[in-house]
Amino acid sequence: MAVARQKPFVIRHMPGFPTLAIVCFFALYMPLVPLVIYSFNAGNNIALWEGISFRWYVAAWDNELVKAAAVRSLVVASFASFFATILATMAALGTTRTRAYRGQTTIYALINQPLMVPEIVTAVALLILFAMIKEATGYHGYAYLIIAHTAFCIPFAYLPIRARLEGMDKTLETAAADLYARPWPTFRRVTLPLMLPGIFAGAMLAFVISLDDVVITEFVKSAGQDTLPTYMLGQLRRVITPEINAISSVLLLISVILVTLIFFLSRNKTA
Amino acid sequence: MPANGEVPAIRVEEVDKIFGNDADRVVALNRVSVAIEENEFFTLLGPSGCGKTTLLRLIAGFEQPTAGRILLQDDDITRLAPYDRPVNTVFQNYALFPHMTVEQNIAFALEMLEKPAAEIDQTVTDMLRLVRMEQLRDRRVDQISGGQQQRVALARALAPHPRVLLLDEPLSALDYKLRKDMQIELKRLQHETGITFIFVTHDQEEALTMSDRVAVMNDGNILQVGPPHEIYDHPSERFVADFIGDTNFLPADIIERGGDAVSCRLESGEVLAVPAGVDLPDHDRVTLAIRPEQVTLCETAGDATLQGTLQDAVYIGTDTHYRIRLADDSLFTARVQNARGRAQLFESGDRLGIRLDPEHVQLLKD
């Protein structure tokens with residue numbers, strides 16, 4: 001029997017959709033291809049192919065400045081993502097596990113503000129603020145970088161944790177209370193284990209964001225505090241060799257691995 | 001009040017529960033009082049939004065009443081946190097901990113109460129045997145079926161041996177056959193454990209089958225409390241009669257008040273003497289409630305109480321439902337059990353009489 005049935009709207013079936021999708025993916029990933037290819041260039045030029053070689057990876061590895069910047073990046077990213085995750089976890093609990101209160105939406109907006117404020121504005125603001133503190137205290141250490149990175153990482157850690165908590169059945173916590181668990185054991189035995197994948201995802205996202213940051217770091221760092229991205233920025237002002245490609249490719253690899261992990265952790269299996 | 005002089009397991013005294021404030025306030029419970037006896041299977045029955053789940057949540061401690069008191073035996077538990085009440089709940093969606101095994105779920109409350117490991121292990125074994133789930137002890141709860149999850153939820157709530165077990169529509173997610181089995185299972189569990197069960201449902205059949213007593217609720221009020229047969233045979237008001245089973249409602253006027261009986265004139269003209277209820281209304285306008293299965297049909301008017309014309313007959317296996325148009329043009333339903341091999345008794349358009357026993361007529365004030 002031929003029943004005239006209205007087709008449901010499926011965007012994949014719209015004319016031109018496959019073409020548009022391919023163009024988008026091409027634009028996103030195409031620029032990365034020569035970057036990675038030329039990191040294996042045997043010659044000194046980033047655009048002139050002279051054969052395959054690992055010499056620029058070796059050069060980057062042997063470059064003490066690169067090594068120091070890489071270690072600095074990892075240290076700052078580790079501390080910043082650690083603190084940001086703790087703060088973001090508390091913020092996520094505070095915005096999902098309480099009775100609705102006045103100003104809840106405002107607080108939600110404030111937590112995510114760093115995503116909206118132009119990074120250059122934050123950078124300038126921090127430059128001025130930290131300059132005043134440096135003047136007053138004489139301290140010029142890494143704390144400024146860690147504090148700045150922690151601040152802008154919070155929303156990135158917050159979003160996956162909050163999503164995880166919102167997808168979690170609140171009856172589970174009620175059930176724990178019903179089964180004689182006081183608030184702290186309820187958190188430790190029920191809420192925390194169930195939100196853990198969200199916390200890991202948030203921490204990794206914060207780590208990647210901190211690792212890749214240029215603008216704020218450039219403004220906040222003291223002399224000799226280059227992270228890998230700001231070191232690379234500095235190199236661009238001089239002679240560019242495929243060493244930059246090699247460093248970029250390694251950073252890319254690390255980001256891809258972390259983002260893949262985040263993807264697997266954020267998939268909502270239980271709860 | 002308890003006949004045996006025991007203190008009731010739960011006493012709810014003049015409890016109000018109001019949600020929201022000022023403009024959009026919702027009265028969920030309105031001066032509710034009820035006493036639930038020790039070792040009783042007590043059911044809160046009513047349509048959705050009647051306040052039955054709210055009352056259950058107040059007893060569990062998930063909500064606080066706006067006014068009134070709740071007593072567990074002689075202790076006032078109104079303001080106690082859920083974890084300080086020896087009362088456990090079986091949730092509608094079971095709320096099993098998804099990151100734990102069946103065993104860990106059942107052991108949870110015992111661990112929180114800091115029982116010794118050996119005792120916890122023994123209790124878990126006993127509980128698994130009680131709900132017949134011994135072989136699934138180490139399974140994750142997301143790897144077992146809905147019916148099995150239901151049993152784990154029961155075992156988990158019974159493990160700490162609460163004084164009262166609260167069940168919030170626990171059977172609503174199960175299919176018909178499984179639901180029937182679980183109804184019997186719940187009765188058995190209640191009998192074996194000797195724990196007071198407070199069961200919430202909107203399913204009148206479930207309430208009548210399982211309960212020692214039923215409280216019918218509507219709109220934040222408890223309308224009637226009593227054993228199932230009393231609720232069914234002597235509904236106190238129209239809502240109760242209508243909500244539980246099918247009922248014919250016949251508007252009538254009281255024309256004579258005697259000692260034990262009153263005479264009522266129906267809209268269709270017939271006069272009927274019915275037993276007087278305990279509290280007869282002052283006004284004369286009443287409704288007579290008659291269950292469709294409590295009448296007999298006969299071919300000729302003769303000694304029948306009511307007369308009418310058969311509109312249609314619907315065969316539904318065990319019974320046939322006859323719809324009869326009365327003199328005032330209203331419809332009356334009679335349910336007649338089918339005997340094997342016997343065809344339909346009457347044809348549409350037949351004149352027939354409805355015979356009723358005055359004992360089966362319930363007078364409702366309107």
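Here are the numbers for this structure:
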| quantity | calculated |
| --- | --- |
| So residue B:300, is it open to solvent by 50 Å² or more (accessible area, probe 1.4 Å) and outside any helix (DSSP H, G or I) | yes |
| Residue within the stretch B:197-212 that is surrounded by fewer than 18 Cβ atoms within 10 Å (Cβ to Cβ), under 16 Å from residue B:35 (Cβ atoms) and of a type in the set (D, E, K, R) present | yes |
| Test: residue B:54 is buried (at least 19 other Cβ atoms within 10 Å of the Cβ), within 9 Å of another protein chain (Cβ to nearest Cβ), polar (S, T, N, Q) and within 24 Å of residue B:33 (Cβ to Cβ) | no |
| Residue list for the stretch B:111-134, filter: facing chain A (nearest Cβ under 9 Å) and either within 31 Å of the chain's Cα centre (by Cα) or crowded, with 18+ Cβ neighbours inside 10 Å (or both) | B:112 |
| Contacts under 6 angstrom Cβ, first residue in the stretch B:298-324 being assigned by TED's automatic domain parsing to the domain that holds residue B:351, partner of a type in the set (Asp, Glu), 6 or more apart | B:306/B:270; B:310/B:350; B:323/B:312 |
| Test: residue in the stretch A:11-34 that is open to solvent by less than 100 Å² (accessible area, probe 1.4 Å), touching a residue at least 60 places away in the same chain (Cβ under 8 Å) and within 30 Å of residue A:150 (Cβ to Cβ) | yes |
| Residue in the stretch B:326-340 that is surrounded by 15 or more Cβ atoms within 10 Å (Cβ to Cβ) and in a helix (DSSP H, G or I) present | no |
| Condition met for residue B:215 (in the same structural domain as residue B:130 (by TED's automatic domain parsing), assigned to a helix (DSSP H, G or I) and modelled with pLDDT of 90 or more) | no |
| Failed condition for residue B:151, given (1) within 14 Å of another protein chain (Cβ to nearest Cβ); (2) buried (at least 17 other Cβ atoms within 10 Å of the Cβ) | (1) |
| Qualifying residue in the stretch B:70-82 (condition: in a loop (DSSP other than H, G, I, E, B), at the interface with another protein chain (Cβ under 10 Å from one of its Cβ atoms) and under 25 Å from residue B:55 (Cβ atoms)) | yes |
| Subset of the stretch A:120-152 (residues that are closer than 19 Å to residue A:228 by Cβ, in a helix (DSSP H, G or I) and either β-branched (Val, Ile, Thr) or open to solvent by 80 Å² or more (accessible area, probe 1.4 Å) (or both)) | A:146, A:150 |
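The values are calculated or read from the model by the stated rules, or taken from the named source; none is laboratory data. Remember, predicted model here, so these are calculated numbers, not experimental data. Cβ sites come from the backbone with ideal geometry, for glycine too, and all protein chains shown count toward neighbours. For accessibility, only protein heavy atoms count, side chains too; no ligands or nucleic acids. Shrake-Rupley method; radii C 1.70, N 1.55, O 1.52, S 1.80 Å.
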